[in-house]
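Take a look at the structure below.
The values are calculated or read from the model by the stated rules, or taken from the named source; none is laboratory data. Computed from a predicted model, the values in this text were never measured in an experiment. Note that each Cβ is placed from the backbone with ideal geometry, even for glycine, and that neighbours are counted across all protein chains shown. We work out accessible area using only protein heavy atoms, side chains counted, and drop any ligands, DNA or RNA first. Shrake-Rupley method; radii C 1.70, N 1.55, O 1.52, S 1.80 Å.
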Amino acid sequence: MMASLSFNLWTEPWIRVIRRDGRDDEIGIGTCLTDAHELAALSDPSPLVACGTHRLLTAILQAIHQPQDIGEIAALLHNAKFDINRLQAFEKNHAGRFDLFDPHAPFLQTGDVPLHSNHNPQPVARLFAEIPVATERVHFTHVTDDRHRICPACCARGLVTAPAFASSGGAGIRPSINGVPPIYVLPAGDTLFETLTLSLVSSDYLPPGADPKRANQAIWNSNPPVVGKNCEVSAVGYLESLTFPARRMRLYPQAGSVFCTNCGRQTDIFVATMLFEMGHWLSKQTGVWEDPFVAFRKPSKQSKNADLKPIRPEEGKAIWREYAVLLLDEDAAGLRPRIVQQLARLIDRGTLTGRQRLRFRCIGIRTDGKAKIFEWLDEALEAPPELLQDPDAAAYVGEALRQSHEVAAILKSTFERHFRPERGTGGSNEQKFIRFKTVLERLIADYWRRLGLHFRQFVNDVSADPQRDDTAQKWVTLIIKEAQACFRTALDQTGDRADALRIRVEAQAECERRLHARRKEWLNE
């Protein structure tokens, strides 16, 4: 009976999409790629699923087209849709390997554990970062581990997230190939076809650590289809990296009519338990994996660690504050994603002319670097095409961001100097400390929120202004003005007793003095 259970991701509906007429739909991989030019985008309540699905589809297309240079990517964009003959050839050779419940080669799982064994069963909720399981907790979720019944489509969505977002999870549980999950920068076209085509990587932009001997190795042609337990690997091909088996998994399907506890739909096949163990991990001797969709910060001269550091989500830090390193030309501080570097080359050759904006979807999860997952991140960035290939304009944007951070540091240090009483053993001093800390956090958050409303216009002005000095001066005037307003608002929240009023006057005078000094320096007044 178990052998008859099947759910093939190539044909069965599981990918949530938006069609160009605005309709939602759910389709299989084959239909998704064939109709990609008629689809607007991937659409899923979880951005982690959207990112994981994007990387899986990109891996399939990378294997089909194997672009050697950007000219081949430009030609594919010109065709405006994927070649049906190539898709059919891939389907004929590999579609059989996309079955979730194949007895010997289950997709994105290890095939050396029998379906009926139920070896080392774990709750199927381990597939999803947003579902509490074991000691992990999420408020207002009231389904215990053993009551989860997940449909095959939801299982597929959970499986595709592991290669990109598997993080540390306790003793012996290592993160995936990119380490603690970074921010993934995904090009976003007018159609899903454009989005996926702009995500193909030519040979010049492949990760330097990609093993050319393993260029054709992928999850759909691995032989034997086995994921080793806690297996150190030192050689990885690019296709393998997009579906890196960081977890050794095996779903244990059951037949029966139930309602999926994740999506609420009725299903005749469900999964309640699974094998979930540490899978492959990249040897430290291999160095940092330079994923084409990830930006990196260069080590400082004072740092003892010479490795690049992936850009990761930080608490309270909006994506636009990393704009320079995520999208713009390389500088002393960081390296933008290789996929963005390639887009700049496509602009150079005139492939993307006529577009007012290039759009990027930035997806990540914020963790403590270990087992705790705090939130996911899903934000959009836009850039005028010429900005991606103009190092001078990039320098202006980088300087504007540096100035913004310096002003934030002035606000923080000035406030703390005047409103941070010494810690006591309790009582009023401790209460003041807590209250002032909250006011300070609100001050900094308000400052960045206000600047975020202006930053997009600044980027447009820098791109359009051939001189740029006027735009840069306007930005300095703006951030000083917003900082002064935010500081005054914060002072109003510190109290109106006589001693507080005196401190407020002193704090405001110091803040005004320091901000004025920076303004004079930056504007050469």
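Summary of computed values
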item: Pair list, Cβ < 8 Å and 6+ apart or interchain, from the range 453-481 residues that are outside any helix (DSSP H, G or I) to residues that are open to solvent by less than 20 Å² (accessible area, probe 1.4 Å) and of a type outside the set (S, T, N, Q); result: Arg468/Ala393; Arg468/Val462
item: Top-ranked residue of the range 342-365 - restricted to ones that are open to solvent by 30 Å² or more (accessible area, probe 1.4 Å) and at pLDDT 90 or above, ranked as farthest from Pro385 (Cα to Cα); result: Arg361
item: Subset of the range 482-499 [part of a helix (DSSP H, G or I) and closer than 22 Å to Asp446 by Cα]; result: Glu482, Ala483, Gln484, Ala485, Cys486, Phe487, Arg488, Thr489, Ala490, Leu491
item: Total residues in the range 155-174, condition within 16 Å of the chain's Cα centre (by Cα) and not in a helix (DSSP H, G or I); result: 2
item: Residue within the range 453-466 that is aromatic (Phe, Trp, Tyr) and within 30 Å of Pro385 (Cα to Cα) present; result: yes
item: Failed condition for Val133, given (1) open to solvent by less than 30 Å² (accessible area, probe 1.4 Å); (2) modelled with pLDDT of 90 or more; (3) in contact with an Asp or Glu (Cβ under 9 Å, 6 or more places away or on another chain); (4) not charged (D, E, K, R); result: (2)
item: Residue list for the range 74-133, restricted to those being charged (D, E, K, R), touching a residue at least 40 places away in the same chain (Cβ under 8 Å) and outside any loop (DSSP other than H, G, I, E, B); result: Glu91, Arg97, Asp99, Arg126
item: Any hit, the range 77-96, residues being within 23 Å of Asp268 (Cα to Cα) and not β-branched (Val, Ile, Thr); result: yes
item: Selected residue [within 21 Å of Asp204 (Cβ to Cβ), in contact (Cβ under 8 Å) with a residue 24 or more places away in the chain and not aromatic (Phe, Trp, Tyr)] from Pro385, Pro313; result: Pro385
item: Long-range neighbours under 6 Å by Cβ, at least six apart or interchain, first residue over 19 Å from Pro45 (Cβ atoms) within the range 253-271, second charged (D, E, K, R) and open to solvent by 50 Å² or more (accessible area, probe 1.4 Å); result: Ser257/Asp268; Val258/Arg149; Phe270/Arg149
item: Residue count, the range 158-175 (criterion: open to solvent by 10 Å² or more (accessible area, probe 1.4 Å) and out of contact with any Ser or Thr (no Cβ under 6 Å at 6 or more places or on another chain)); result: 10
item: Conditions (1) out of contact with any His (no Cβ under 6 Å at 6 or more places or on another chain); (2) in a helix (DSSP H, G or I); (3) closer than 28 Å to His418 by Cα: number failed by Ile503; result: (1)
item: Flag if Ile70 is touching a Lys or Arg at 6+ places or on another chain (Cβ under 7 Å), open to solvent by less than 30 Å² (accessible area, probe 1.4 Å) and not polar (S, T, N, Q); result: yes
item: Total residues in the range 245-269, condition of a type outside the set (Gly, Ala, Ser) and over 19 Å from His104 (Cα atoms); result: 10
item: Which numbered condition Leu56 fails, given (1) closer than 21 Å to Tyr252 by Cα; (2) out of contact with any Lys or Arg (no Cβ under 6 Å at 6 or more places or on another chain); (3) of a type in the set (A, V, I, L, M); result: (1)
item: Matching residues in the range 39-73 - criterion: being of a type in the set (S, T, N, Q) and either in contact with a Gly (Cβ under 7 Å, 6 or more places away or on another chain) or not in a helix (DSSP H, G or I) (or both); result: Ser43, Ser46, Gln66, Gln68
item: Selection from the range 44-91 of residues that are among the basic types (Lys, Arg) and either out of contact with any Ser or Thr (no Cβ under 9 Å at 6 or more places or on another chain) or modelled with pLDDT under 95 (or both); result: Lys81, Arg86
item: Test: residue in the range 377-392 that is within 29 Å of Val439 (Cα to Cα), buried (at least 18 other Cβ atoms within 10 Å of the Cβ) and more than 27 Å from the chain's Cα centre (by Cα); result: no
item: Residue list for the range 79-121, filter: among the β-branched types (Val, Ile, Thr) and open to solvent by 40 Å² or more (accessible area, probe 1.4 Å); result: Ile84
item: Residue check, Thr34 over 29 Å from Pro182 (Cα atoms), in contact (Cβ under 8 Å) with a residue 24 or more places away in the chain and among the β-branched types (Val, Ile, Thr); result: yes
item: Unmet criterion (only one of (1) open to solvent by 50 Å² or more (accessible area, probe 1.4 Å); (2) touching a residue at least 24 places away in the same chain (Cβ under 8 Å); (3) among the basic types (Lys, Arg)) for Arg321; result: (1)
item: When residues of the range 301-313 are limited to those that are within 16 Å of Tyr184 (Cα to Cα) and open to solvent by less than 90 Å² (accessible area, probe 1.4 Å), the one modelled with the lowest pLDDT; result: Leu308
item: Criterion violated by Phe419 - all others in (1) open to solvent by less than 70 Å² (accessible area, probe 1.4 Å); (2) within 30 Å of Asp492 (Cβ to Cβ); (3) touching a Leu at 6+ places or on another chain (Cβ under 9 Å); (4) at pLDDT 85 or above satisfied; result: (4)
